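*Asks:* Got a structure for you, questions after.
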Amino acid sequence: MSNQELSESGACCSPLVREPLTEDWAGDLARMFKALGDPVRLRLLSLVASHAGGEACVCDISETFDLSQPTISHHLKVLRSAGLLDCERRGTWVYYWVVPSALQQLSAVLLTEGGPVVPSETCAAEVPA
């Protein structure tokens, strides 16, 4: 069954195929996806999300990258501005955590309900038998 047939049969229930996104929702999603379009920011989000306790001090994540502290701060600011991270200053350090509702929005818009994702013909051809 093709992806088009899935969407026509209603088996694929992602909001993208159910109904058009509102202008506001599309803008919010675009800001989040754009922020995640940079590999450093995607890794930063992953590091924060997977850190013990669900939050990470900027001092703990900075040493993971071969980047200057101002560059790391810039990337964290972009993630915060997109609504993907939140933070709190504790003394001299800033602690970051992932905003769960933002990740839920991203995943909900891409989710295909009604079963597993059916690979396209291109993907199926790449999988060794």
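*Asks:* Filtering the range 16-73 down to residues that are part of a helix (DSSP H, G or I), under 22 Å from Leu110 (Cα atoms) and small (Gly, Ala, Ser), which residue is least open to solvent (accessible area, probe 1.4 Å)?
*Replies:* Result: Ala35.
*Asks:* Could you tell me whether the range 108-125 includes any residue that is assigned to a helix (DSSP H, G or I), at pLDDT 95 or above and open to solvent by less than 30 Å² (accessible area, probe 1.4 Å)?
*Replies:* Here is the first cut: in the range 108-125, the ones assigned to a helix (DSSP H, G or I) are 108-110, 121-125.
Going one step further and asking which of them are at pLDDT 95 or above, we end up with none.
The answer is no, given that none of the residues of the range 108-125 is assigned to a helix (DSSP H, G or I), at pLDDT 95 or above and open to solvent by less than 30 Å² (accessible area, probe 1.4 Å).
The values are calculated or read from the model by the stated rules, or taken from the named source; none is laboratory data. Since this is a predicted model, take the numbers as computed values, not measurements. The protein model used for the area step is the full one, side chains on, heavy atoms only, and it has no ligands, DNA or RNA in it. Shrake-Rupley method; radii C 1.70, N 1.55, O 1.52, S 1.80 Å.
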